[in-house]
Each structure stands twice: as C-alpha cells, then as structure tokens.
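Structure, as structure tokens:
The values are calculated or read from the model by the stated rules, or taken from the named source; none is laboratory data. Because the structure is predicted, anything quoted here is derived from the model rather than measured. All Cβ positions, glycine included, derive from the backbone under ideal geometry; neighbour counts span all protein chains shown.
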Amino acid sequence: MSETDVLTPTADVGGPQQPLLEVKGLSKHFAVGGSMFGKRSTVRAVDDVNFAVHKGEVLGIVGESGCGKSTTARLIIGLIEPDAGEIILDGELVGSTVSLRDMRRAVQMVFQDSYASLNPRLTIEDTIAFGPTVHGLAADKAHARARDLLAKVGLDPAQFAQRYPHEMSGGQRQRINIARALALAPRLVILDEAVSALDKSVEAQVLNLLIDLKDEFGLTYLFISHDLNVVRFISDKVVVMYLGEIVEAGPVEALFTDARHPYTRALLAAMPSHDPDARTQEAPIAGDPPNPIDPPPGCRFHTRCPFAEAVCSENAPRLTATGTAGHSTACHMVEPASGHTKAPAPAPAEQEIVECPT
Amino acid sequence: MTPLVDIRDLSVRFTGERTVHALNGVDIALARGEVLGLLGESGSGKSVTLKAMLRMLPARRTVITGSINVSGRDVLAMDEHELEGMRGGVVSMIFQEATLALDPVYTIGDQIAETYVRHHDSSWAQGRQRALEMLDAVRIPSAKRRLDAYPHEMSGGMRQRAMIALALSCSPEVLLADEPTTALDATVQIQILLLLRELQREMGMAVIFVTHDIGVAVEISDRLAVMYAGKIVETGPLRDVMRNPSHPYTRGLLASTIHGARKGTRLEAIPGAPPRLDQLPQGCAFAPRCSLVGADCRDGDIAVVPRSDRHAVRCLRHAAEQEARSAVA
C-alpha cells in the first residue's frame, strides 16, 4: 500500500446504488453459566439481523439496554466474531474479498466512553497519528494529518496537540475520538452512543460537528443511540431493536409519525414531555425489558405487549412491509393471516382477481 | 410562613492542591409539598447542593459557609447524633445508581426494617411490616416474596423502586433525588417518574429533584432552578421558565435541546464549555460563552433581578432589558 492510499478513502467499487454496508442474517449467541451446578443458558444477543446502509446515509439503531445494538456494531467492525451471517462492504464480503485489515480502514468506530477509548499515555497528536502510522504512513506525514484533523474537529492544534486525555473535558475528548476515527479516511463511521455521555450544550456542538464532517468527507454513519430525539435529528433511516431482533425499520419520519410496532410506539410515548401542560399521564408499558438470557418464545415482546394473544407466544412474527416504502414491522398485527385478531385479512391471491366471475 | 427548606448564600469550597469553588452563594426556599427541579450540567453544583444539605461532604476538605435550615433547624450546627436523626428521618435521598445505594449483603426487607427501627424505636416485626407496606407502595409485584430478595436479584427498575421504598420508609419531609432516572431505560424511566410524582402527592413531601434532562424536569417539577458554575442563574415556576426563559444560559440550554429539532437544521449550540471551578472568572461565570456579554458583566457580583412575582434571573442584560421596558411604560 502506498502512502497516499492511507490519506484517501478506499475506492467506491459498487457505485451509488450498491449499499455501503449490508448485514445479512447476522447472529451472535453467548453461552453463559454452565458451572458445576448451574444450567447452561444462551444470551441471544443478536438474532438474524438484516439491514443495509446506503452511501451518504445515516442509519440510526435504537433500543434499550440488552437489545443488541452495541453487539451489532462490534460484529460489524470485527471486534467479535459472528456465529452466523455476512457483512458486505460495498458489495464485497468481509473476510474473503475484503480483508479484515482493509475493512477496518474503511469502517471506524467512536465509543460512548471518551476516556476509556483513549490511551492515557499518548498525547492527543500521537493518538490520532497512531492508526495512519500502522497503516504505513511516514511519521511526519501522520503527525501533520493529526494536526490537520484536530483543527477540523474544532480543537486548536497549537493548544491541544501535546496534551494528554486527562487534561481535556469530555466534549473535547469525544472530538479527539472523532478525529482519530477520521485519520484513516474511513467511509463508514459507527457512532455507538457517541454523544450520550455529553452535557446537553456540548452534545449539540458535537452533533453539529458530526453533520459538518459527514458533508465534508462524504461519510456514511451508523448511529447507535438510546436517545430518540437525537436519532430523529440525525438519521435518514431507523432500525428499532428489541432483545436481539429488529422489530421495526424504516425512513425516519415514517417511524416517528407512523410507528406500527407496539414497542416502537411505547418507546415514543415514554419520551418525557417538554410541555408543562402536557405531562405524561400514564406509562406506556409496565415492567423492565426482560433478561436477554433465554428470551421469551414467539414474539419476544409479547410479555410486555398490551395486545398479546396466543399466537404471539407461539410464532415469531416476520418483518412485513407496512405503510411507506422501506417501512417494515415484525408484528402479528400487521402480518396478514397471522392468526392475531387484529391482523389484516389475507390479500386475495392473484388468480382470484383474474378469474372474477362474470 | 418560613419555608421548609431555607438555604441562604450557601458556598462550598473544596480545599487541597487546588481550591474548587463548587457552590458560590446558592439560595433556595422550598415550601412544604413543593417539587423543585434543579437543572444543570455536570459540575454546575447540583449534587453538591444536595450533599451539603445532608452534610455528606468530606468534612476535612470542605469549607461550607452560609446557612441551611430544614424544618426550622440549623443543619450546619448539628452534631453527629442529630445528623443521624435527620438523615433518612427528616431528609432522605435517592441516587442514580441503586446498586451502590443498597447494601448488597442484606435483603431489601431487612434494610428497610433496619432503617425504620432505627428511627422509630419500634420492634423488628413492625419494621418488617413497614417494609412490606413500602414495597407495595412502590408497586413492586409480589412484594411479600421480594422482601427476602437481595439487590442483585432484582432488575434495574425494581432496584430503583426498592431504593425509593427505603428512602421513603420513614416518611421524610424532604426527599432529595439525585438523577434517579438517568441510568434507566426509557420505558422504565417514565414509570419511575410517574411513581415519584404519585408518591410525592400521596405523602405530601417536598422534593428537590436534580437532573440534567429538561424533559425529566418538566415531568416532575413545580418550580425550576437552573444552575451554572455553582450559582442559581434563573428560578421560577415551571411554566414561566419554560415559556419565558430569561437568562442567556437557560435560553441556550432550551434552544440546544434536540427535542423536536428538525432534521437538516443546525442546532443552536452554546459555544465553549463551562468554566473550571478552580479558575472562575470575575463577574458572571457565563460571560465567556454569552452572546449578550458587555464589559460590566466581567466584574463584581451579579445581582438577582426579579422578572415577575416568583421568577428571578441573575443577569445584567436582563436587568437592563427590564429597565428599558419599564421606562417605555
């Protein structure tokens, strides 16, 4: 690899129609327990997850703790190995056509804990220059790039380059993590709760920065968050996860104004009101999210769902197209002929329409 | 009528290598049964205010000045014995992390019973009975069985309810809540907020609820106090502050909230970061980030200006605005 390669993003292979990232049938199960006396059980952290992120798009993933959103991110970037499924980067299968090393240049990640994700013994400049050096860039060029990126994320290199992480505030450290992620000229950046730990006024600054950088570098984001306000603000499409599965996915406005899954609706209704005259009067659902160890059979949400019927604990619903294009929901109430009393009638078979008696 | 909680000119300094000015003249008057939302970002002094009220700050390294009166008694003058009687009895506290607030080696029932017996000089059986009542009150299902559960055997939301049960077991007059819903999942957070609202109404206690989340503050508070760099910069009835935020910081905070922000627009972020508490600027601490700053903002103490009956703002620009308005009128 030549030096200039490290400074420019990897080539666009598939063209604009090809999603930058496709995730197919991704699953990860962890075995837990299994001591001398305990029963061995399984955490189905991510179960048959499918989605695609198009070039230049922001895909938001939302869900509560234990829903598998962070595990999904870690599987994509190869920090843990999937049990099943494929990760396809710009049309090429990661692991065979694209090496893990090349994939990690094209895909970078920013974590929630800005302090834990920085090496406390490296100066800011060294931290950012580290990746490019590993990928073969000469040290002086890597450092020049680091100072350049510091300026891009709004930190004056003259003032900050030689500082250590503990000398910086949380917001400044997260800017450094973003600069480091950009140092390898990635095409996809995974932001895993990247603004969640920041104070509100700083969060707004960092969100503005992320939008600017996306435009400047032509980036694509996978934005993982539990904060629906933030996800609505930044995402083009949203995926809602519950206990390792996708329960609803679609364009951001469709999801926020026309949610079909009872869980998505509950999440939206659980957002605190900002209007003193319209306070929340009733909690949309009771109880905590169940333990992802041995999740409930059938629809995993049925234990908390106000509309659950017998079929919900027997069969798992499939993602079914609903409403606007690209909007799909995994719920027996939208799946035709699922056996749920609220399910739509089965669409008449085409034959019947054609052979209409005259 | 004297307020239930009367805090005047409270300042807290932490000494050591550097002197940290955590609180710089805080005044709070809280009536019986009132819920005050204390809103601010990290380092603004919200938690320090609560801890000072219970005298939980490390005595050797803390200098407290000003006065704290609760129920007509001077908290800063109390000895250890009197403090023990007040903590949990008159003033109680709940925290963000229930796991850290509960004792891992005792059952929930025993922890509540112990607290009750300690404050009421009652029998152990009465204490256990009170524990059962409290678990019912916080809507823990099958409360009788849960009495003998250890904290680690409960889910996050249940632990939070158990901690609330423990804090309220002696019917305190004041409940201090330090971000008790921040670590919870969204669907659980709203349950706990509604529970606290209901219990507050039933038991008639006063609450100081610390949070950084405006939405949470709106759900629970009667009145808001916005803190910045160890001072209350704006305070008033919830509706007044939300509808007519008057301090530039409050305005910035409300404007930078993503709630309802449209995609494709820029967020109105406040530039810069809060000042370091060991190097506070002269005058208004918000001046370096303020778009309305004038030369007079940078020296001397900034006085509180009443905006209306109960709505007050600590800002010179606002004071000037008020004067101009009254001159026109």
Original post:
Which one of these does A:ALA249 not meet: (1) aliphatic (A, V, I, L, M); (2) assigned to a strand (DSSP E or B); (3) within 12 Å of chain B (Cβ to nearest Cβ)?
Top reply: (3)
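Filter the range A:304-318 for residues that are within 14 Å of chain B (Cβ to nearest Cβ) and crowded, with 17+ Cβ neighbours inside 10 Å; which is farthest from A:ARG40 (Cα to Cα)?
Filtering the range A:304-318 for residues within 14 Å of chain B (Cβ to nearest Cβ) gives A:304-306.
In the following step, the residues that additionally are crowded, with 17+ Cβ neighbours inside 10 Å were identified as A:304-305.
Values: A:ARG304: 26, A:CYS305: 28 Å.
If we take residues in the range A:304-318 being within 14 Å of chain B (Cβ to nearest Cβ) and crowded, with 17+ Cβ neighbours inside 10 Å, then A:CYS305 is farthest from A:ARG40 (Cα to Cα).
Would you check if B:ALA101 is at pLDDT 95 or above, under 28 Å from B:SER44 (Cα atoms) and away from every other protein chain (no Cβ under 14 Å)? Reasoning before the result, please.
Working: at pLDDT 95 or above: no; under 28 Å from B:SER44 (Cα atoms): yes; away from every other protein chain (no Cβ under 14 Å): yes.
No, not satisfied.
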**OP:** Could you grab me the full set of residues in the range A:41-58 that are farther than 14 Å from A:LEU26 by Cβ and out of contact with any His (no Cβ under 6 Å at 6 or more places or on another chain)?
**Re:** A:SER41, A:VAL43, A:HIS54, A:LYS55, A:GLY56, A:GLU57, A:VAL58
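I'd like to check something: does the range B:177-184 contain any residue that is among the hydroxyl-bearing types (Ser, Thr, Tyr) and either part of a helix (DSSP H, G or I) or in contact (Cβ under 8 Å) with a residue 12 or more places away in the chain (or both)?
Going residue by residue through the range B:177-184, those that are among the hydroxyl-bearing types (Ser, Thr, Tyr) are B:181-182.
Checking which are either part of a helix (DSSP H, G or I) or in contact (Cβ under 8 Å) with a residue 12 or more places away in the chain (or both) leaves us with B:181-182.
Yes, there is a match, as at least one residue in the range B:177-184 is among the hydroxyl-bearing types (Ser, Thr, Tyr) and either part of a helix (DSSP H, G or I) or in contact (Cβ under 8 Å) with a residue 12 or more places away in the chain (or both).
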Original post:
Of all residues in the range B:250-263 being free of Cβ contacts under 8 Å to residues at least 40 places away in the same chain and facing chain A (nearest Cβ under 9 Å), which is surrounded by the fewest Cβ atoms within 10 Å (Cβ to Cβ)?
Top reply: B:ARG262
Subject >> Hits in the range A:173-193 - residues which are farther than 22 Å from A:THR133 by Cα and either among the aromatic types (Phe, Trp, Tyr) or within 14 Å of chain B (Cβ to nearest Cβ) (or both) >> reply: A:GLU193
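Evaluate the range A:236-244: report whether one residue or more is of a type outside the set (A, V, I, L, M), at positive phi, surrounded by fewer than 18 Cβ atoms within 10 Å (Cβ to Cβ) and more than 14 Å from chain B (Cβ to nearest Cβ). Explain how you work it out, then say what you get.
The first filter runs over the range A:236-244 and keeps only residues of a type outside the set (A, V, I, L, M), leaving A:236-237, A:242, A:244.
The next check asks that each one be at positive phi; those that pass are A:244.
Okay, now just the ones that are also surrounded by fewer than 18 Cβ atoms within 10 Å (Cβ to Cβ), so none.
No: the range A:236-244 contains no residue that is of a type outside the set (A, V, I, L, M), at positive phi, surrounded by fewer than 18 Cβ atoms within 10 Å (Cβ to Cβ) and more than 14 Å from chain B (Cβ to nearest Cβ).
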**OP:** Quick one: B:ARG239 ticks every box in (1) of a type outside the set (Ser, Thr, Tyr); (2) over 20 Å from B:ILE140 (Cα atoms); (3) more than 17 Å from the chain's Cα centre (by Cα); (4) in a loop (DSSP other than H, G, I, E, B) except a single one, so which number is it?
**Re:** (4)
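If you take the residues in the range A:267-295 that are surrounded by fewer than 15 Cβ atoms within 10 Å (Cβ to Cβ) and either modelled with pLDDT of 95 or more or in a loop (DSSP other than H, G, I, E, B) (or both), which one is farthest from the other protein chains (Cβ to nearest Cβ)? Explain how you work it out, then say what you get.
Taking the range A:267-295 as the starting set, the residues that turn out to be surrounded by fewer than 15 Cβ atoms within 10 Å (Cβ to Cβ) are A:275, A:277-278, A:281-282, A:286, A:291, A:293-294.
Of the ones still in play, those that are also either modelled with pLDDT of 95 or more or in a loop (DSSP other than H, G, I, E, B) (or both) are A:275, A:277-278, A:281-282, A:286, A:291, A:294.
Numbers: A:ASP275: 7, A:ASP277: 7, A:ALA278: 9, A:GLN281: 8, A:GLU282: 7, A:ALA286: 7, A:ASN291: 8, A:ASP294: 15 Å.
Per the criteria, the residue is A:ASP294.
Per-residue answers, yes or no, for (1) surrounded by fewer than 22 Cβ atoms within 10 Å (Cβ to Cβ); (2) in contact (Cβ under 8 Å) with a residue 40 or more places away in the chain; (3) within 14 Å of chain A (Cβ to nearest Cβ); (4) of a type outside the set (Phe, Trp, Tyr):
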site: B:LEU83; (1), (2), (3), (4): yes, no, no, yes
site: B:HIS119; (1), (2), (3), (4): yes, yes, no, yes
site: B:ARG128; (1), (2), (3), (4): yes, no, no, yes
site: B:ARG139; (1), (2), (3), (4): yes, yes, yes, yes
Original post:
Which members of the range A:65-102 meet the condition of being farther than 28 Å from A:ASP227 by Cβ and modelled with pLDDT of 90 or more?
Top reply: A:GLU81, A:ASP83, A:ALA84, A:GLU86, A:ILE88, A:ASP90, A:GLY91, A:GLU92, A:LEU93, A:VAL94
**OP:** Determine whether B:HIS247 is closer than 26 Å to B:ASP27 by Cα and more than 9 Å from chain A (Cβ to nearest Cβ).
**Re:** yes
Original post:
Could you count how many residues in the range A:307-341 are within 19 Å of A:ASP258 (Cβ to Cβ) and either in a loop (DSSP other than H, G, I, E, B) or of a type in the set (A, V, I, L, M) (or both)?
Top reply: 17
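Going through the range B:193-236 one residue at a time, which ones are assigned to a loop (DSSP other than H, G, I, E, B), surrounded by fewer than 24 Cβ atoms within 10 Å (Cβ to Cβ) and away from chain A (no Cβ under 14 Å)? Steps first, please.
The first filter runs over the range B:193-236 and keeps only residues assigned to a loop (DSSP other than H, G, I, E, B), leaving B:204-205, B:212-213, B:221-222, B:229-230.
This time we only want the ones that are surrounded by fewer than 24 Cβ atoms within 10 Å (Cβ to Cβ), so: B:204-205, B:212-213, B:222.
Passing the criteria: B:GLY204, B:MET205.
Strands (runs of 3 or more DSSP E) wholly in the range A:14-99 with at least 1 residues that are surrounded by fewer than 19 Cβ atoms within 10 Å (Cβ to Cβ) - which ones? Let's see the steps before the verdict.
Values: elements: A:21-33, A:40-53, A:58-62, A:84-89.
Result: A:21-33, A:40-53, A:84-89.
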**OP:** Taking only the range B:8-32 into account, find how many residues are in contact with a strand residue (DSSP E or B) (Cβ under 6 Å, 6 or more places away or on another chain) and at positive phi.
**Re:** 2
Original post:
Are any of the residues in the range A:123-136 in a loop (DSSP other than H, G, I, E, B) and either free of Cβ contacts under 8 Å to residues at least 60 places away in the same chain or within 14 Å of chain B (Cβ to nearest Cβ) (or both)?
Top reply: yes
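Conditions tested, residue by residue: (1) touching a helix residue (DSSP H, G or I) at 6+ places or on another chain (Cβ under 8 Å); (2) in a loop (DSSP other than H, G, I, E, B); (3) charged (D, E, K, R).
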| position | (1), (2), (3) |
| --- | --- |
| B:ALA285 | no, yes, no |
| B:ASP309 | no, yes, yes |
| B:ARG317 | yes, no, yes |
| B:GLU321 | no, no, yes |
| B:ARG325 | no, no, yes |
